[in-house]
1. What pairs from Lys12/Lys236; Lys12/Lys182; Lys236/Lys473 go past 28 Å between their alpha carbons?
2. What FRET efficiency, computed as 1/(1 + (r/R0)^6) with R0 = 60 Å and r the Cβ-Cβ distance, is obtained for Glu238 and Ala504, rounded to the nearest 0.05?
3. How much length would be gained if the chain were fully extended between Glu65 and Asn399, taking 0.36 nm per residue of separation minus their Cα-Cα distance, in nm to one decimal?
4. Report the label-to-label distance for Asn495 and Asn289 in nanometres (one decimal), using points 7 Å from each Cα along the Cα→Cβ vector.
5. Express in whole angstrom the spacing between the alpha-carbon centres of segment 254-288 and segment 342-394.
6. Compute the length gained on full extension between Arg84 and Arg192: take 0.36 nm times their separation in residues and subtract their Cα-Cα distance, giving the result in nm to one decimal.
7. If you count, for each residue, the other Cβ atoms within 10 Å and average over each peptide, how do 484-493, 440-449 line up from highest to lowest?
8. Using the 2.2 N^0.38 Å rule of thumb for compact globular proteins, work out how segment 57-193 stacks up: its C-alpha Rg over that value, please.
Amino acid sequence: MLPNGILGIAAKGAGDVARFLHAHQRRCSDGQEIRTESLASGTVLLGGIITAASESVTRLSRDAERGACGVFSGVAFDDWGVERDPHTLLALSAGEIDSGANGMFLACAAEEEQLVLITDPWGTMPLYIHESRDVFAFSTSLLALTEAMSAGSTVRNREAESQLLVFGTTFDGQTLSPNIRKLGRARVCRVRRMQDSTAVSEEEYFTPVVQPSEYRGIDDDIVDSFRSAVRKLHRKAEGNMICTLSGGLDSRVVAAAVAAEGLDLPFATHAVRAGHDQRIARLVASRLNLRHHLVALPSALPLDARADRFLSASNGAIAFDNYHVMWAFPQYATLGRYVMDGVHTSIEGRWFLRNNSRKARSRDAFFRAAFQALLRPDFLRFVPDADEHLRVAGECLRNVIPDPAEYASPGACADVFNVRIVLPNHGADASLLQNNFLRYVSPYLDREYVSVIARVTERKRWGQYPQRLIIRKLAPELLGLPRSYSDILTWPTDNPYLLRLPVAIERAKGMLFRKRWPALHARLSRRAASLGYDLIWSGKAFSEGRLSGNFDLPAECAVPGAADSTVHASLLPMLHLLLASS
């Protein structure tokens, strides 16, 4: 299965184009197809990956007079000509793109001598590119692009490997393949084709600004801009939409806005076991008179053909937190074609780096705070040359670290660093997987809304003031309900400190039980192995002893042969490395 999105190639020979297309076509699953537009020479091809969910959000266009074509995949929140006729992208400057680019999308356009790519303002859909003297190619499928362009090379990018082991992701666009990189958020990439070479240039069309500067009436603007974002998405979906609902705050804000707008949309909650998330979601739905569906998932998800499709569509990364998508989202798709979720930018809530870097006045101090906040030290326990990986990953991170002196405060610097560097690399590949079943959208990513909340003071945003304000204004009947953080019940209060106290207690309990009574910890903690850990026993990781051959694994991480064996969460980036390079 291919991840939804776009693909394309500009080459000197038709053979490169055919090989590129074949690498993608052979990965299509049932219900998928690739639609393409080619230029007259046959050496430039653009296309989109089509499923039932993307039929209405992937558009191909052609300008016969100019000899140009284009592809748009995704959703623009506001009316934008590029969404209807993507080939018009060729004539737009970066400023003109900035004025219309609001949404979650990818787009490309080409004529014989030039090709243009753009990514959305937040990088919600990843796009991988390969460039050489004779070929420029791009795709949302990292694995298909690697197969087509690497010519059997097994050389691994050391810098990307170190970042994956130290941080669990890469922050500078590098991938395990030295000749393939990830295009950043809000990018305009222009490719000029000349007789003997290809010239590639990039520019950022939108730079987020986070600067506390409240004004009279900002509360009304927060509520109105969020309601407007919900209306826009409902109109784009033509009402054919479902909304997710959990026991947390972000999804109930969406529910409050939907109810206030009088939109008759179904809400759904999925879970592997009964718990606080389900119970509170039912209460929210009941108080707002929402249509509510419970989607029950098996406690141990089976390892069938869906596991292999998942690995392929998620670009080789085992995102265990999203493994449930293969079971939950097909059921969601029976209720609507779009899914509106509460995923957000983290500007409007507490974010770990903003809190940790509040005293970082220099670039070096901010780098140290960011490195510690993003570090996942458990991964390195099993890896030879851990110190070298730390050094290499640190240098990569230092190259993208901003200077707090250039921002209103260290907190503002942290927020901009988040939306420019961290957010585009967090779960973006998983969103492509979700888009195979429904078109995944979020009102929290509307630029009008983000521009307003970016002016709220940091202390207020730390306490999730925008969300609590929207609920107070639109659905005060929800104020007395407790919240659930990953199935931990919190107290019915708006105080951000008291809300998080049960979470802190659970974490402390987990640390104690994990060390002293690991079996008890497995039964009591929300971190008990459940959703995706069994995926490792599909045979991909342990076949021919590849896992044990690459890493020095202690016995507690894996118990080969046991039917209910699990692998410690700290191995996930290692499995990413193994599977992405297999």
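No value in this document is a laboratory result; all are computed from the given coordinates. Note that the structure is predicted; figures quoted are calculated from it, not measured. Cβ: placed from backbone, ideal geometry, glycine included. Neighbour counts: every protein chain shown.
1. Result: Lys12/Lys236 exceed 28 Å.
2. Once rounded, the FRET efficiency stands at 0.85.
3. Full extension of this stretch gives 115.8 nm more.
4. According to this spin-label approximation, the distance is 3.5 nm.
5. 34
6. So the chain would gain 36.4 nm between Arg84 and Arg192.
7. In decreasing order of mean packing, 484-493, 440-449 become 440-449, 484-493.
8. The reported ratio for this selection is 1.11.
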